[in-house]
1. Where in region 78-169 are there helices (runs of 4 or more DSSP H), lying wholly inside it, with at least 2 residues that are of a type outside the set (Val, Ile, Thr), modelled with pLDDT under 85 and open to solvent by 20 Å² or more (accessible area, probe 1.4 Å)?
2. Please identify the pairs in which a residue from region 1-22 that is among the small types (Gly, Ala, Ser) has its Cβ atom under 8 Å from the Cβ atom of a residue that is modelled with pLDDT of 85 or more and part of a helix (DSSP H, G or I), counting only partners at least 6 apart or on another chain.
3. Which ones in region 32-75 are open to solvent by 30 Å² or more (accessible area, probe 1.4 Å), more than 23 Å from ALA160 (Cα to Cα) and in contact (Cβ under 8 Å) with a residue 60 or more places away in the chain?
4. Select from region 17-31 the residues that are crowded, with 16+ Cβ neighbours inside 10 Å and not acidic (Asp, Glu) and write down the one among them that is nearest to ALA137 (Cα to Cα).
5. Where the second residue is in a helix (DSSP H, G or I) and open to solvent by 70 Å² or more (accessible area, probe 1.4 Å) and the first is farther than 14 Å from GLY176 by Cα and lies in region 131-154, which pairs have Cβ atoms under 8 Å and are six or more apart or on separate chains?
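The values are calculated or read from the model by the stated rules, or taken from the named source; none is laboratory data. Since the structure is predicted, the reported quantities are computational estimates derived from the model, not experimental observations. Note: ideal-geometry Cβ built from the backbone for every residue, glycine included; neighbour counts use all protein chains shown. Accessible surface is based on the protein model in full, side chains and every heavy atom, while ligands, DNA and RNA are left aside. Shrake-Rupley method; radii C 1.70, N 1.55, O 1.52, S 1.80 Å.
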Amino acid sequence: MEASEAGPSERLNVAIAEFNALRAEIAGRSSAQHGLLNLSLVATAAIGTIAFSDAARRPVLLLLPLLSCIFGILYFDHHFAIATIGKYVKSELAPDIRHHVSWGRALRWEEFVRVEASSRTGLAKGMVRFDLPIILAFVVVPALSTIYVASFASGPWFWAAWSAGVLAEALTVVVGVVATRDWRSETGRHDRGGAGST
């Protein structure tokens with residue numbers, strides 16, 4: 001016996017249930033991002049305290065770019081997943097739900113956020129916006145520590161660890177750019193097309 005096709009109300013209920021589940025996943029991933037950022041800041045403070053408490057302990061700063069790379073990649077992995085979910089909601093779920101409820105203004109949050117981001121100017125726009133703590137934690141501070149450590153580096157093992165830190169920093173930057181590329185290109189399209197573009 002073939003199952004009957006789901007009616008409009010059943011399809012709407014399924015779409016809303018999927019939307020709620022995806023929003024819960026976004027909330028969970030966002031919370032994990034905050035945890036990773038806090039953990040990175042705490043680790044940076046702890047390593048800095050140890051390193052500058054005694055000159056002999058300065059080489060411990062070599063750990064900063066490696067730890068920042070781990071935390072940064074995990075952070076940007078969540079960012080990529082959140083952006084992917086947002087894109088799916090915008091392109092797949094939202095049109096379906098709008099069709100069923102006959103209200104074209106439903107589920108416009110993602111679009112609203114992009115339009116708001118594209119309307120900001122100067123230092124408040126782009127990567128320097130609310131991303132400043134992320135850039136500082138995962139890129140700037142580890143890079144400064146790497147430069148500082150190079151001033152007193154000696155021995156092949158030291159340079160090997162230093163080189164690993166440089167590579168880790170480069171990897172963090174590449175992953176961050178790739179993970180945020182789609183979101184920023186979408187923001188740029190809204191910026192070029194005006195706040196009313198869809």
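1. Values: elements: 94-101, 109-119, 132-135, 141-150.
Because the criterion is at least 2 residues that are of a type outside the set (Val, Ile, Thr), modelled with pLDDT under 85 and open to solvent by 20 Å² or more (accessible area, probe 1.4 Å), the helices (runs of 4 or more DSSP H) in region 78-169 that meet it are 94-101, 109-119, 132-135.
2. Final answer for the pair search is ALA6/VAL14; ALA15/LEU93.
3. Across region 32-75, the qualifying residue is only LEU41.
4. Filtering region 17-31 down to residues crowded, with 16+ Cβ neighbours inside 10 Å leaves 18-19, 22, 26, 29.
Next cut, not acidic (Asp, Glu) only: 19, 22, 26, 29.
Numbers: PHE19: 32, LEU22: 28, ILE26: 22, ARG29: 19 Å.
So, considering only residues that are crowded, with 16+ Cβ neighbours inside 10 Å and not acidic (Asp, Glu), the one nearest to ALA137 (Cα to Cα) is ARG29.
5. ALA153/TRP159
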